1. Within region 29-54, work out how many residues are within 20 Å of the chain's Cα centre (by Cα) and either of a type in the set (A, V, I, L, M, F, W, C) or surrounded by fewer than 17 Cβ atoms within 10 Å (Cβ to Cβ) (or both).
2. Do we find that ALA17 is under 23 Å from the mean Cα position of the chain (by Cα), closer than 16 Å to TYR85 by Cα and of a type in the set (A, V, I, L, M, F, W, C) in this structure?
3. State whether the residues of region 112-119 include one that is surrounded by 15 or more Cβ atoms within 10 Å (Cβ to Cβ) and on the phi < 0 side of the Ramachandran plot.
4. For region 55-80: of the residues being in contact (Cβ under 8 Å) with a residue 60 or more places away in the chain and of a type outside the set (Phe, Trp, Tyr), which is surrounded by the fewest Cβ atoms within 10 Å (Cβ to Cβ)?
5. Which of the residues belonging to region 108-122 are without any contact (Cβ under 8 Å) to a residue 12 or more places away in the chain and not polar (S, T, N, Q)?
6. Taking the criterion of being among the charged types (D, E, K, R), buried (at least 18 other Cβ atoms within 10 Å of the Cβ) and assigned to a helix (DSSP H, G or I), would at least one residue in region 13-28 satisfy it?
Amino acid sequence: MNYIPFILFTVLTNAAAQLMLKQGMLNLGELSFAGENIVLKTLQIVFSPWVFAGLVTFVISMASHLYVLSKVELSFAYPFLSLAYVAVAVFAFFIFKEDLNAWRIAGIGFICVGTILIAQSGRTDPREIAAANDHKEFQVSELTK
């Protein structure tokens, strides 16, 4: 089964969480803990609507990531999370009017190329998979004799 859609869902929910957290912090303004109860201030931050939505979205993203990790190699799945940076940079440009200069665009390009290379590495010939599975069964049967 192809798990790329699940990996991309993880990436997009991760990026969405970052954007929600940023919006939440913009709504709260600059933080200062001087003369305030740190526990109450922390609760105020966590339960502000955008921050809370961002944290919930992170939980969804992590649940999706755990599912992906149960199905594919970590060295294949994890690099895809770098695409969250690409999504965040592009959306932050449009939503928050953040700078997207030539250096960042070049970095985004390198991230995309690297992710494409990693995605290609996940394409294994079905005969190789079958041979690897046969080899594993052989090893287990040898150990049980």
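Coordinate-derived values only; no laboratory data. From a predicted model like this one, the values you see are computed outputs, not experimental measurements. Here the Cβ positions follow ideal geometry from the backbone for every residue, glycine too, while neighbour counts run over all protein chains shown.
1. Just the residues of region 29-54 that are within 20 Å of the chain's Cα centre (by Cα), to begin with: 50-54.
Among the residues that remain, those that are also either of a type in the set (A, V, I, L, M, F, W, C) or surrounded by fewer than 17 Cβ atoms within 10 Å (Cβ to Cβ) (or both) are: 50-53.
Qualifying residue count for the region: 4.
2. Here the answer is yes, as ALA17 does meet what is asked.
3. Yes, the conditions are met somewhere in region 112-119.
4. The first filter runs over region 55-80 and keeps only residues in contact (Cβ under 8 Å) with a residue 60 or more places away in the chain, leaving 67-68, 71-72, 77, 80.
Narrowing the set further to residues that are of a type outside the set (Phe, Trp, Tyr) leaves 68, 71-72, 77.
On the way: VAL68: 21, LYS71: 11, VAL72: 19, ALA77: 20.
Among them, the one singled out is LYS71.
5. GLY109, PHE110, VAL113, ILE116, LEU117
6. Applying the first criterion (among the charged types (D, E, K, R)) to region 13-28 yields 22.
Okay, now just the ones that are also buried (at least 18 other Cβ atoms within 10 Å of the Cβ), so 22.
From what's left, assigned to a helix (DSSP H, G or I): 22.
Yes; the residues of region 13-28 include at least one that is among the charged types (D, E, K, R), buried (at least 18 other Cβ atoms within 10 Å of the Cβ) and assigned to a helix (DSSP H, G or I).
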